[in-house]
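Everything below concerns the one structure shown next.
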Amino acid sequence: MALIKSKLRLPLPFSSSSQRLLRFYCISTSNSLEEEADITGEAKTAEQTSSLSPEETLIAGRFHSLIKDHHRKNPTLDPNPVPRGRNFTIPSLSLDFAQSATNHPISPYLVRRVIEKCGGVRHGIPFLQTLAFFNWATTRPDFVDSSEPYNEMIDLAGKVKHFDLAWSLIDMMKARNVEVSVETFAILIRRYVRAGLTAEAVHAFNRMEDYGCIPDKVAFSIVIAMLCRKRKAAEAQAFFDSLKHKFEIDVVLYTSLIHGWCRAGDMTEAERVFKEMKLAGIQPNVHSYTIVIDGLCRGGQITRAHDVFAEMLDVGCQPNSITFNNLMRIHVKAGRTEKVLQVYNQMKQLGCPADTVTYNFLIECHCRDDDLEKAVQVLNTMVKKGCSPNSSTFNAIFRCISKLRDVNAARRMHAKMKDLKCMPNTVTYNILMRMFVDSKSTDMVLKLKEEMDEMEIEPNVNTYRILITMYCGMGHWSNAYKFFKEMIEEKCLKPSLQVYEMVLRELRKAGQLKKHEELVEKMVDRGFVERPL
């Protein structure tokens, strides 16, 4: 296995998968310690930065709609496409695609965008339809091959655990002279790790050379980082030990291993690797110290965490906001506002600027103490300091307002959120909807739902439960039925038994026995309930 200079080539504009890999190698050891609540927002940001023209964006949206509609009308389509091979198509859809793309070339970025949108939902991924689109697009005479759509399709195949198909796509890339890069294999390895298939992930790494892709230090680092993020510390350590003689070991690799042992909850091993790194003459950096401090805090070893923090200062390693956030987190969870403020004051004394997570912790503490005024003061301070609030910032405040039952304050804060161009998430809308349902403000609830749809923020089971319960309480069976159908047909969400029985009860009361029967059939067809005797 040759050792060459690292060259993880990431195409511009970055795809969402490329951005994830960049984080894995370059900053995973620090970013992974932060809150992971805004993943959806990140995906949308990646999508928005893509270089599609307005016309291409429109066409991509049209393709996506065709795929969604076909999936909704064919929910029981065979979900296992692997035996049909990589040439799988759906003739009726191919015709629709062709009609939508009249006189317009299909670029690799457009194909990637469509696949990305199809895989962006949590439930009911239209996988077969997306595969049919990919095969239709990449076999067009005017299509210019590029690795981007292939990588995105491999990522989606891995997401739904169709790994045979993923390998088939890699074989297709090789046959069509499309570059199979470190990124391609990193995507596949990441999906194997997420599926808990560690041996298969290592096997994929070992097969890279078969496709003309040299497994260099970047690939080695990515495999270790991915295993560690999924708490597969023992496997990561074994992989590291088996190949460390082939690569130049640096602080990034050691820090990834420490991170893995911390996430696995084994601080003895984490500190052993931390010590080994120092004995090897590799100086820990801010991320190394921060990860050890975080692991100790999460394990309840607060005194030891402060000892490591003191060592960090003694060796001249400047802590960053994430370091302090880790020291704060345990006190935030325990509701110790005074301790949180002590850490924050120390942070200020050392001249370390606070970040969004820091301010969110302060806001969460004040909201837990029902001190809305102080929470809003912190919000104003963070904005004044140029630190952008996120959905988690406002969600804590909305929860506090909800407890106080102050509908007008909720309206003002919602308006402020818009003024600051802060993207709400599903949780934001659920909190607000529930509050306005309690205050009998039906118009506001519907306005919020429309806003969600316009901003393409996916509703979840709780969103529909709020809407359906509201309409059932009002005796409006038709609207309750409409939202229930939308939930199971369009969003492929499984309702709770309580909500299902509530809608059936309303249909029986209204004498809608045919719709009652239809609803039961839909639930049975999707495997959500057993057929009643």
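Here are a few things to note about the model shown:
- By accessible area, using a 1.4 Å probe on protein heavy atoms only, the stretch 455-503 has 48% of its surface on carbon and sulfur.
- Alpha-carbon spread of the stretch 229-323, three principal axes, descending order, Å: 35, 25, 21
- Cα-Cα over 29 Å, subset of K278/K385; K339/K449; K333/K385: K278/K385; K339/K449
- Radius 12 Å from Cβ of N345, net charge of other residues (Lys, Arg +1; Asp, Glu -1): +1
- Cα-centred dipole magnitude for the stretch 421-510, charges only on beta-carbon of K, R (+1) and D, E (-1), debye, nearest 20: 400 debye
- Mean accessible surface per residue for the stretch 54-183, computed with a 1.4 Å probe while every protein chain stays in place, in Å²: 43 Å²
- Taking a Cβ cut-off of under 10 Å around V524, the surrounding Lys, Arg, Asp and Glu residues balance to a net charge of 0, with basic ones at +1 and acidic ones at -1.
- Mean Cβ neighbour count within 10 Å, used as a protection proxy, ranking 335-346, 497-508 highest first: 497-508, 335-346
- Relative compactness, the stretch 284-359, computed as alpha-carbon Rg over 2.2 N^0.38 Å: 0.99
- Local electrostatic count, G196, Cβ distance below 12 Å [Lys/Arg +1, Asp/Glu -1]: +4
- Leading residue at positive end of dipole, the chain (Cβ point charges), from N460, Q237, M474: M474
- Of K68/K174; K159/K232; K482/K514; K161/K485, pairs whose Cα-Cα distance is over 26 Å: K68/K174; K161/K485
- Solvent-accessible area per residue for the stretch 274-316 (1.4 angstrom probe, square angstrom): 46 Å²
- For the stretch 353-395, the Kirkwood hydrodynamic radius from C-alpha pairs, put into Stokes-Einstein at 37 °C and a viscosity of 0.692 mPa s, yields a diffusion coefficient of 329 µm² per second.
- Accessible carbon and sulfur surface of the stretch 77-220 relative to its total accessible area, %, 1.4 Å: 49 percent
- Relative contact order (%) - criterion: Cα under 8 Å, at least six apart; region: the chain: 11 percent
- Accessible area expressed per residue, the stretch 430-532, with surrounding protein chains retained (probe 1.4 Å, Å²): 51 Å²
- Evaluated with a Cβ-only charge set (Lys, Arg +1; Asp, Glu -1), the stretch 165-215 carries a dipole of roughly 180 debye about its Cα centre, given to the nearest 20.
- Measuring nothing but protein heavy atoms, the accessible surface of the stretch 262-363 at 1.4 Å probe radius is 50 percent carbon and sulfur.
- Here each label is just a point 7 Å from Cα along the line to Cβ, and for K482 and E501 those points are 2.7 nm apart.
- In this structure, the pairs whose alpha-carbon distance is over 28 Å, taken from K73/K117; K117/K217; K73/K421, are K117/K217; K73/K421.
- Listed residues G61, V111, G281: farthest to the positive end of the dipole of the chain (Cβ charges): G61
- Here the chain is treated with +1 on each Lys and Arg Cβ and -1 on each Asp and Glu Cβ, and its dipole about the Cα centre works out to around 860 debye.
- For Rg and Dmax of the Cα atoms in Å, the value computed from the atomic coordinates appears in the list (i) 25.6, 85; (ii) 29.6, 101; (iii) 25.8, 79 under label (iii).
The values are calculated or read from the model by the stated rules, or taken from the named source; none is laboratory data. All values derive from a computational prediction rather than experimental measurement. Don't worry about glycine lacking a Cβ; one is built from the backbone with ideal geometry, like all the others, and counts go over all protein chains shown. Surface areas here come from the heavy atoms of the whole protein model, side chains and all, with no ligands, DNA or RNA. Shrake-Rupley method; radii C 1.70, N 1.55, O 1.52, S 1.80 Å.
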